[in-house]
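Before any comments, here is the structure.
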Amino acid sequence: MSCFAQDKVVKLTGSNVEVYTPFPVDSISHSIHKTYLDTTGRPEITIKKTFATEKHALPIYITYDYPLSAQLQKPLAVTAVLAGLFLLGASLRRVNFGLNEKK
């Protein structure tokens with residue numbers, strides 16, 4: 001009887017990921033997981049092991065570093081969009097859309 005185990009882990013956008021397993025595995029693959037309205041995607045790690053038993057029920061350690069630029073990417077984008085909308089509203093408020101001419 002063979003037992004196949006597969007783990008998928010999706011981490012934070014922009015993080016560099018390292019995987020440490022306490023036992024040998026068949027494969028560790030890194031890919032990009034994109035979600036709705038996602039621009040860059042998130043790192044996804046897939047760990048595969050055949051002939052897994054209860055002895056393999058040990059913690060798998062995944063470490064990552066999350067740089068400051070990645071932490072500030074979305075808040076700065078939202079701030080820029082809101083500032084642009086504010087400036088657009090302020091400039092459109094000053095435009096006269098009336099049809100009659102002033103003398």
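What follows draws every value from the coordinates through simple rules; no lab data is involved. Here the structure is a predicted model, which is why all the values come from computation and not from measurement. No Cβ is skipped: glycine too gets one built from the backbone with ideal geometry, and neighbour counts run over all protein chains shown.
Couple of notes before you dig in:
- Scanning the range 43-91 for residues being surrounded by 12 or more Cβ atoms within 10 Å (Cβ to Cβ) and either among the hydrophobic types (A, V, I, L, M, F, W, C) or in a loop (DSSP other than H, G, I, E, B) (or both) gives a total of 7.
- Where Ile32 falls short, out of the listed (1) aliphatic (A, V, I, L, M); (2) surrounded by 13 or more Cβ atoms within 10 Å (Cβ to Cβ); (3) assigned to a strand (DSSP E or B): (2)
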